[in-house]
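Down below is the structure, laid out as structure tokens.
Please treat every number below as a calculation from the coordinates, not as lab data. Being a predicted model, the structure only gives us computed values, none of them experimental. Neighbour counts run over all protein chains shown; Cβ positions are idealised from the backbone, glycine included.
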Amino acid sequence: MSQQLSVFPAFFRVAQKRVAVFGNGDEAFAKVRLLLNTQARILAYADHPEPAFAAFLKDQGIETIREAFADDQVEGAALVFAATGDAAADRVIVAAARERKIPANAVDQPDYCDFLTPALVNRAPVAVAIGTEGAGPVLAQMIRAQIDQLLSPSLGIVAILAASYREAVERLIPRGVARRVFWRRFFSGRVADHVALGDLASARREASLLLDAAERVSGHVWLVGAGPGAEDLLTLRAQRVMMEADAIVYDALVPQAIVDMGRRDAERLSVGKRKGCHTKSQDEINHLLVKLAKEGKRVVRLKSGDPLIFGRAGEEMAAMREAGVSYEIVPGITSAFAAAADFELPLTLRGVASSLVFTTGHDLAGDVLPDWARLAVSGATIAVYMGRSVAASVAGRLMQAGLPAETTVAVIENASRPERRLLHGILRELPDLENRTELDGPVMVIIGDAVAGANFDRSEPLAAGRRKGAGPSASGAERAEQILN
């Protein structure tokens, strides 16, 4: 389905210009109320206005012409609204306007609308217009209500105050990072707070202090968790800092759709870290982050999942501390949580599993059994990241350590994403995972008695040749029933 609009969103300049509204009833009444948000000179052509409409026009001092429609009434208008409630009459009005090349709008007749009236959130001079191309006026009103709640009632006053500083900012602050940071702090910091309290004098003092300090802007780095892949699992804080960033440094596992959520003109730098394919070494990434910050840039280091879980954030933080670069951690939803949610799987379960282990499984390569493996035997749930390539060693060593071969396992490729794939089985079948070459996305393996409480209706058997959609093996199903009961 095309993502292109059939209309071009724009704002007409109507201050002190004539805008003609034709009609006697509710349709015309609604258009006049909408136009009162502007400085247009409204002319109401209403030969027999309904009483409430007539009283409103009089109270608002709106010029009213009580005459039947004539073609010459549209002359000199910047815009024309045909709102008589009579479709045929409205089409005649639109035809007269179009003949004179005047944009016109006929209520509820999209083919006779040269422009569409949006649902409007007014914080003059700030305006948010929501349109649906006529497909869903009620939807537009619902969105308008949500945006209205988000925007401070004092936003327009802040914008007017900002306009009074624009000339000084252009004179004193160079274009680029310093100017963007100034305006960001102006609109979201103490200036806006004082305006909201009605204290304009204090707001001006804060704005002047910001102006004095503007040239001392330093770089900053955010280590941001992009989550497991689904765009709507990105946190609000992550989305906010991505809109502030001058540069976005991202890994290969971060979907392009999430990278594209950053500020449109931000520099985007792929460092391509993925198993077996690193376009930059970790030292090179550390150097890049420090370099960008030293240039005064605001940098988002975008990592799949959570930056503090197998994301090598420790090395990046150490590099920035050593270089004197300020940084901040923005947590993300780690893949284990998304995978568990896909499977409707309890990672902990009262009386069954009271601890949870995150591991990559690679520490099973040595001769010494790691502590987490002993935890698995004692009942902990184990979440193995990047699990396909180590599945055999994980299964073999855990069974050798005493974990029953019938322990339930869940396997999730591309957790949280539309293309996710779910598989289930038991521990002795886990080595089969290494033969599933069609699994080329990130794979999470979850092992433990609590896994038996998962929903297997949407998953397929892990072992080759087993019937798709079957639950765990017979012994696994019996264990699941025992655990849940």
Compactness check, region 220-333: C-alpha Rg relative to the 2.2 N^0.38 Å globular estimate gives 0.94
Does region 110-268 come out rounded, prolate or oblate, given a ≥ b ≥ c as the square roots of the eigenvalues of its C-alpha gyration tensor, rounded meaning a/c under 1.5 and, failing that, prolate meaning a/b above b/c?
-> oblate
Longest principal axis of the chain (C-alpha) makes with the long axis of helix 87-99 (C-alpha) an angle, in degrees to the nearest 10, of 80
Neighbour net charge for SER164 - beta-carbon separation under 14 angstrom, K R +1, D E -1 = +1
To the nearest 20 debye, what charge dipole does region 1-125 have about its Cα centre, counting +1 at the Cβ of each Lys and Arg and -1 at the Cβ of each Asp and Glu?
-> 660
Using θ = phi - 60° and the Karplus form 6.51 cos²θ - 1.76 cosθ + 1.60, what ³J(HN,Hα) does each residue of region 403-413 get, whole Hz, x for Gly and Pro?
-> 6, x, 5, 8, 4, 6, 10, 10, 10, 10, 9
The chain, convex hull of Cα, quarter of hull surface, nm² -> 32.4
If amide H atoms are built 1.01 Å from N in the plane of the peptide, which residues on other chains or at least 5 residues away come under 5 Å of the amide H of VAL249?
-> LEU269, VAL300, ARG301, LEU302
Taking the chain as the reference, fit the longest principal axis to its C-alpha atoms, fit the long axis of helix 474-484 to the helix C-alpha atoms, and give the angle between the two in degrees, 0 to 90, nearest 10.
-> 60
Report the label-to-label distance for ALA87 and GLN256 in nanometres (one decimal), using points 7 Å from each Cα along the Cα→Cβ vector.
-> 4.4
When each pair of different Cα atoms in region 1-136 is counted once in the 1/r mean, what is the Kirkwood radius in angstroms, to one decimal?
-> 15.4
Could you give the dipole magnitude of the chain about its Cα centre, charging the beta-carbon of Lys and Arg +1 and that of Asp and Glu -1, in debye to the nearest 20?
-> 1360
Using a cut-off of under 12 Å, list every residue of region 221-237 whose amide N is near the label point 7 Å from the Cα of ARG458 along the Cα-to-beta-carbon line.
-> none
Round to a whole angstrom and tell me the spacing of the C-alpha centers of region 394-468 and region 22-65.
-> 68
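In debye, nearest 20: dipole of region 83-239 around its Cα centre with unit charges on the Cβ of K, R (+) and D, E (-)?
800
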How many percent of DSSP beta bridges within the chain run antiparallel, rounded to 5?
-> 40
Roughly how tilted is helix 155-172, in degrees to the nearest 10 and between 0 and 90, from the longest Cα axis of the chain?
-> 80
Arrange the peptides 63-76, 290-303, 440-453 so that the one whose residues have, on average, the most other Cβ atoms within 10 Å appears first.
-> 440-453, 290-303, 63-76
